[in-house]
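A quick write-up on the structure given underneath.
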Amino acid sequence: MPEPALQDSTAFSDYIEITNSFYQDLLGYQPKDTSLQQVSGLKWKNFTIQRGLHSNSLGIYLPRNQTAIIKGKNPLSLFHEYFGHGLYCEQSLTGRRLVDLEKRLLEEEKEFFNEKKFIKDDLDTFRKQNHTFQELNEFREQNLVQYELFAIWTEYLLSGKFNLRKNFEKKYDSLEKEDKEVVSSVINFSETYGDLATFYAFGLGKVQDQKRLLRLAHDIFRRKLERTRLILHFGSGKPFSDIDLFIVSSDIPSTYDPWLDVRAYKHQDMTEGIKAMNPMITDPIIVGSLVFGDEDYLGELRRKILVQPITEEAIRFNLKEYETERRRSKDESLGKYLQDKNLRSAKTFLTNALALKNGNKILTSKGLIDYAKKRFSHSEKFIELKGGIE
């Protein structure tokens, strides 16, 4: 596609500096392993011929050496290749896998040819018989849409920061209708749920601190926060784990997404859950960190849990939930991930019921896991409890 005319007066180095600062504040990181190479317009034609690129190409990203190569000083190409493909390859599991495969193939090529002279036909012959090349090709085909879509959305995001949105629209005006619809769906998602949510939905790593979780909550829930009493963060908090939020609200429902797990209760339902010693409630209240809400209210809930006596009703509740979750774990329509999640939850409820029956009041996920390890043999497979209420 033709290179759009650029009218912004921002110095090229400022695009990098300002965007790095924006990403550091928003995400907690910026590109660090990706290098940038600029090729002047006069040399670009020869470069495209050597690389086998389309003559209208404005840039390319090379995962095997993590280098973004762009024509001249075009900011849209910088956004696409350096901040799009570059950050994706650094901060998503899919991108990292792509880089690993490319680097492994490079090492195997070096070893095979061992500094001997070879031509392109020799390289093609080697690759046709090479397992890593076949694996790489298959992986690229499976993930190409996501890979390119993230880079295009990055252009959209950053073009807005630098008043270059018209240039973005002009560049992608020639897309096919179906492709435009896919791009528009991502843009609509980002405008509805915010930038952070979009980065995380693409699978980029998360810095799960209070600052970013609060921003995410404001972006996603917006005015619903006015009627929300509490948001807690719990779970592992690892970069590539989902974000676990425990919410007390009359407006926000429980939802699940591969990157976000919202466990929401109305105040009355949550109060009844404490009486039932529901581990899905006691664990996040005891171990969770405050993202939004009243610290005094959180303290009150924790005191209620600590003084709550063990009752037969609580034991029966946990056994009933065990049966419900076990039944869901066999529902193939949910998909394997949710089936496994329900199975872990079933084991959590059963372990909690047995602990309560024995007079043991265990309030946290870690406590239940430790109890299962000591109480049950490996043959009973209760060791698999881990993750049930993370």
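The values are calculated or read from the model by the stated rules, or taken from the named source; none is laboratory data. Note that the structure is a prediction, hence the values are computed from the model and not measured. Reconstructed Cβ throughout: ideal geometry from the backbone, glycine too, with neighbour counts over all protein chains shown.
Tabulated data for the structure shown
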quantity: Conditions (1) assigned to a helix (DSSP H, G or I); (2) without any contact (Cβ under 8 Å) to a residue 60 or more places away in the chain: number failed by Tyr297; calculated: (2)
quantity: Subset of segment 273-319 that is of a type in the set (A, V, I, L, M) and more than 33 Å from the chain's Cα centre (by Cα) - its residue that is surrounded by the fewest Cβ atoms within 10 Å (Cβ to Cβ); calculated: Val307
quantity: Near pairs, Cβ below 9 angstrom, 6+ apart or cross-chain, from segment 196-220 (at positive phi) to any residue that is crowded, with 16+ Cβ neighbours inside 10 Å and among the hydrophobic types (A, V, I, L, M, F, W, C); calculated: Gly203/Phe150; Gly203/Trp259
quantity: Answer from Leu76, Leu87, Leu149 - the residue that is touching an Asp or Glu at 6+ places or on another chain (Cβ under 8 Å) and not charged (D, E, K, R); calculated: Leu76
quantity: Subset of segment 168-195 (residues that are in a loop (DSSP other than H, G, I, E, B) and either touching a residue at least 60 places away in the same chain (Cβ under 8 Å) or not acidic (Asp, Glu) (or both)); calculated: Tyr172, Ser174, Leu175, Gly194
quantity: Residues being farther than 19 Å from Ile60 by Cβ and aromatic (Phe, Trp, Tyr) - total across segment 85-104; calculated: 0
quantity: Qualifying position, being among the aliphatic types (A, V, I, L, M) and touching a residue at least 40 places away in the same chain (Cβ under 8 Å), among Leu42, Leu53, Leu106; calculated: Leu106
quantity: Some residue of segment 245-266 being under 22 Å from Ala353 (Cα atoms), in contact with a helix residue (DSSP H, G or I) (Cβ under 7 Å, 6 or more places away or on another chain) and part of a helix (DSSP H, G or I); calculated: no
quantity: Yes/no for Tyr156 being touching a helix residue (DSSP H, G or I) at 6+ places or on another chain (Cβ under 7 Å), surrounded by 15 or more Cβ atoms within 10 Å (Cβ to Cβ) and either in a helix (DSSP H, G or I) or at pLDDT below 95 (or both); calculated: yes
quantity: Residue that is at pLDDT below 95 and either of a type outside the set (Lys, Arg) or touching a helix residue (DSSP H, G or I) at 6+ places or on another chain (Cβ under 7 Å) (or both), where the choices are Leu123, Leu106, Leu144; calculated: Leu123
quantity: Ser254 loosely packed, with under 14 Cβ neighbours inside 10 Å, closer than 20 Å to Ser365 by Cβ, touching a residue at least 60 places away in the same chain (Cβ under 8 Å) and not assigned by TED's automatic domain parsing to the domain that holds Ala346; calculated: no
quantity: Sole exception among (1) out of contact with any helix residue (DSSP H, G or I) (no Cβ under 8 Å at 6 or more places or on another chain); (2) more than 27 Å from Ile252 (Cβ to Cβ) for Gln210, by number; calculated: (2)
